Amino acid sequence: GTAKAPRIERAETEHLGIRAQITAARGNRPFLLLVALSAAQMLAIGIMLAGAPYFASYILEDTGAVTTMFLALIGPMVVLIPAWVRVSRRFDKRRSMVVASVLFMTGGMSLSLTPVFGPVFAHCCVMVVGVGYAGVQLLQFSMLADTLIYDELRSGKRRGGVFTGLWTAIETVMMAFGALVLGWILAAAGFVSSEPDQPVAQPDSAIDAIVVGGALFPAVLMSIAIFCTFRYDLTADRLNAMRTRPADPVPEST
């Protein structure tokens, strides 16, 4: 589809070591704030996804429910991405991100009430999480693109590879770290080691830990992401204002 698209210029490739990459990132405050809020979001998502099989087995008492919960999460993402695109165009990206994060947080907090309201309620909560997750995923990458434009306008250099490389590494680490954090929570609560699809008798503290670790803790992490989002101040108006003035000089990396 892009084979015949016009090429205006060729981006220069800059190979930097990890120290130089970190130095470049430190000069891009919007990128650092985006990394902070994204790290909290990815950790929350990683913990919730890791906890889903345990939640299905021990809270819903149905090992097959992990499939329906997954569909309840992914379904809104597939359907609502176009809607989130319209929302981000109607409002600024920061406000849209706050709304998406609040939806995720609300769904996670409500999910902790599953022992009271049952499986249908749990699936409805997961759908709310999915609506928020769809917005979070879309807006993260849209805001990342803005931080790359900001860096180019500020420095006069095209260093997208530097920032996207750091972004990808942090995102991958936080998603993987989520499973480890959940494991720590369950171990501290006395969870009896077992496979999620082969449930065994667990102490009450372990059952509570599944609820806290798989639902409430991700909601708390999402509240941290919301705080970071409020500090993110890279708007379309700011980028447009930067386009009208020369780039600031930036020292060469050593």
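The values are calculated or read from the model by the stated rules, or taken from the named source; none is laboratory data. Everything numeric in this text was worked out from a predicted model, so none of it was measured. Every residue, glycine as well, gets a Cβ built from its backbone with ideal geometry; the counts of neighbours run over all protein chains shown. Note: accessible area is taken over every heavy atom of the protein model, side chains too, but ligands, DNA and RNA are not part of it. Shrake-Rupley method; radii C 1.70, N 1.55, O 1.52, S 1.80 Å.
Observations on the model:
- Here Ile224 passes the criteria (1) under 18 Å from Tyr54 (Cβ atoms); (2) open to solvent by 70 Å² or more (accessible area, probe 1.4 Å); (3) not hydroxyl-bearing (Ser, Thr, Tyr) except the one numbered (1).
- Candidate set from segment 213-232 (those that are of a type outside the set (A, V, I, L, M, F, W, C) and closer than 14 Å to Ser110 by Cα); member that is modelled with the highest pLDDT: Pro218
- Qualifying residues in segment 187-212 (those that are under 27 Å from the mean Cα position of the chain (by Cα) and of a type in the set (Val, Ile, Thr)) - the one nearest to Leu111 (Cα to Cα): Val211
- Within segment 129-163, the only residue that satisfies the criterion of being surrounded by fewer than 20 Cβ atoms within 10 Å (Cβ to Cβ) and of a type in the set (Val, Ile, Thr) is Ile149.
- Filter result for Leu80 (aliphatic (A, V, I, L, M) and open to solvent by 80 Å² or more (accessible area, probe 1.4 Å)): no
- Here Gln198 meets the list (1) assigned to a loop (DSSP other than H, G, I, E, B); (2) in contact with a Lys or Arg (Cβ under 7 Å, 6 or more places away or on another chain) almost entirely, failing just condition (2).
- Scanning segment 71-120 for residues that are among the aromatic types (Phe, Trp, Tyr) and either touching a strand residue (DSSP E or B) at 6+ places or on another chain (Cβ under 8 Å) or within 24 Å of Leu43 (Cβ to Cβ) (or both) gives Trp84, Phe104.
- Output for segment 112-128, where each listed residue is in contact with a Ser or Thr (Cβ under 7 Å, 6 or more places away or on another chain) and buried (at least 18 other Cβ atoms within 10 Å of the Cβ): Ala122, His123, Cys125, Val128
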